[in-house]
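The values are calculated or read from the model by the stated rules, or taken from the named source; none is laboratory data. Here the structure is a predicted model, which means the values were calculated and not measured. Ideal geometry is used to build each Cβ from the backbone, glycine not excepted, and the neighbour counts take in all protein chains shown. Accessible surface areas use protein heavy atoms only, side chains included; no ligands, DNA or RNA. Shrake-Rupley method; radii C 1.70, N 1.55, O 1.52, S 1.80 Å.
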Amino acid sequence: MLKIGYFSKLSRVSIRMLRHYDEIDLLKPVKIDEYTGYRYYSEEQLPVMARIISLKDMGFKLTVIKEILKCYDNKEEMEQYLRIRYAELMAVSEETARRLRILETAIDRLRKDDTMNYDVVLKTLPERQVASVRQVIPCYEQEGRLWHILFKETNHLNLILQEPCFMSAILHDKEYKEVDVDVEVQAAVKGCYLDTEHVKFKTEPEVTVASITFKGPYEQFRDVYSSLAAWVDVNGYQFSGPMFDIYHVSPHETKNPEEFITEVCCPVQKK
């Protein structure tokens, strides 16, 4: 057996932390001398401590590590824990990357003394036949699931896409919502097709829109919306329908947000 001091050196864990692990029943000494109060550990506990340290380095909380240690030899359960943690860290990583892009854009704009002016174009989109999926989804960031449904359910139909294809997403809610958002995705197609379980084929009427096309990450949306609202007001127009985005270059074509090309469209009419 090893005294707590020697076990601390071998495991590279402080005595204070070893005592804490004992208190929370994460790793208890194999023996406590009833006269001196000295804690003793076995050599077999060193690999267990190594597992604890490894799991801490992955970001698991101590309460979760206690549960993991109970099934450490069960590969299936261990893999499930690790995959869940991996997904959590990926979500944090993506959010951190998004915030870094916002900071980089802000720093770049300060250096250039740039107020991010956008050119507004007034144009009419023609009547078009579209394949459409409309659902209430948990949040705007999960729009991708609608595209997955559209392409999966129409794969066997060999859709002929229009040129331009107008891959677009319509935001049907009358206000910004943080959860349970009403979103519709559309792809302009040629020909006639039968509806599938979730995909509906319909004709979209001609529509006049004020639009801005920009290159770069989606974090620019708020600036784009501000520019559109200002243009609509100054030029004597009013909004006349739900706004929608046309994806000219999307995450489907590139993983680099700086290469995204998006056209934000707001249906308008003269006051």
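Could you work out how much longer the chain between residue 72 and residue 135 gets when fully extended? Use 0.36 nm per residue separation minus the Cα distance between them, nm to one decimal. Kindly include the intermediate steps, with their values, before the conclusion.
On the way: separation 63, 0.36 × 63 = 22.68 nm, distance 4.11 nm.
Using 0.36 nm per residue and subtracting the Cα-Cα distance, I get 18.6 nm.
With a 1.4 Å probe and all protein chains left in place, how much accessible area per residue does region 155-271 have, in Å²? Could you put the intermediate results ahead of the total?
Numbers: 6610 Å² over 117 residues.
Result: 56 Å² of accessible area for each residue.
Mind listing the Cα extents of the chain along all three principal axes, in Å, largest one first?
91, 52, 29
If the cut-off is a Cα-Cα distance under 29 Å, which lysines reach residue 61, setting aside same-chain residues fewer than 8 apart in sequence?
Once the sequence-local lysines are set aside, what remains near residue 61 is 3, 9, 28, 31, 70, 75.
Using the beta-carbon distance between residue 240 and residue 194 and R0 = 35 Å, what value does 1/(1 + (r/R0)^6) give for FRET efficiency, to the nearest 0.05?
0.65
Kindly report the accessible area of region 1-98 per residue (heavy atoms of protein chains, probe 1.4 Å, no ligands, DNA or RNA), in Å². Mind showing how you got there, number by number?
On the way: 6950 Å² over 98 residues.
Using a 1.4 Å probe on heavy atoms only, each residue of region 1-98 averages 71 Å².
Heavy atoms only, probe 1.4 Å: what % of the accessible area of the chain goes to carbon and sulfur, would you let me know?
Details: 9130 of 17420 Å².
Within the chain, the accessible surface is 52 percent carbon and sulfur.
Subtract the Cα-Cα distance of residue 96 and residue 80 from 0.36 nm times their separation in residues, and report this length gain in nm to one decimal.
On the way: separation 16, 0.36 × 16 = 5.76 nm, distance 2.44 nm.
So the chain would gain 3.3 nm between residue 96 and residue 80.
Take 90, 78, 243 and sort them by solvent-accessible surface of the protein heavy atoms, 1.4 Å probe, largest at the top.
On the way: 90 80, 78 20, 243 60 Å².
The residues order as 90, 243, 78, largest area first.
May I ask you to give the average projected area over all directions of the convex hull of the Cα atoms of region 30-162, in nm² rounded to one decimal? Mind showing how you got there, number by number?
Working: hull surface 73.3 nm².
Mean shadow area of the hull around the Cα atoms is 18.3 nm².
Along the charge dipole of the chain, Cβ charges K/R +1 and D/E -1, which of 36, 151, 267 sits furthest on the positive end?
Selected residue: 36.
Let me have the 222 nm mean residue ellipticity of the chain computed from DSSP H runs of 4+ only, each contributing -39500 (n - 2.57), with the sum over all residues rounded to the nearest 500. Intermediate results must be reported in sequence, preceding the final value.
Numbers: 7 runs with 102 residues, N = 271.
Roughly -12000 deg cm²/dmol at 222 nm, from the helical runs in the chain.
Hey, if you drop one equal point scatterer on each alpha-carbon of region 30-76 and run the Debye formula without solvent, what base-10 log of I(q)/I(0) do you get at q = 0.16, 0.33 Å⁻¹?
After summing over all Cα pairs, the log10 values are -0.57, -1.14.
Going Cα to Cα from residue 271, which lysines come in below 23 Å? Please leave out same-chain ones fewer than 8 positions away.
Candidates past the 8-residue exclusion: 123, 174.
Quote the FRET efficiency, to the nearest 0.05, computed for residue 215 versus residue 24 with a Förster distance R0 of 51 Å and r equal to the Cβ-Cβ distance.
Numbers: r = 52 Å, r/R0 = 1.03.
In this case the efficiency is close to 0.45.
Using a Gaussian network model of the chain with C-alpha springs under 10 Å, which one of 98, 19, 85 is most mobile by mean-square fluctuation?
Most flexible of the set in this elastic network: 19.
Extending each Cα 7 Å along its Cβ direction at residue 40 and residue 122, get the distance between those two points in nm, one decimal.
The answer from the label model is 9.1 nm.
May I ask you to evaluate 6.51 cos²θ - 1.76 cosθ + 1.60, the Karplus curve with θ = phi - 60°, for each residue of region 235-250 and list the ³J(HN,Hα) values in order in whole Hz, giving x for glycine and proline?
9, x, 10, 9, 5, 9, x, x, 6, 8, 10, 9, 9, 7, 9, 10
So which trypsin sites (Lys or Arg not before Pro) in region 134-183 pass both tests, a DSSP loop state and at most 16 other Cβ atoms within 10 Å of the Cβ?
Working: sites: 134, 145, 152, 174, 177; in loops: 174, 177.
Hits after loop and neighbour filter: 174, 177.
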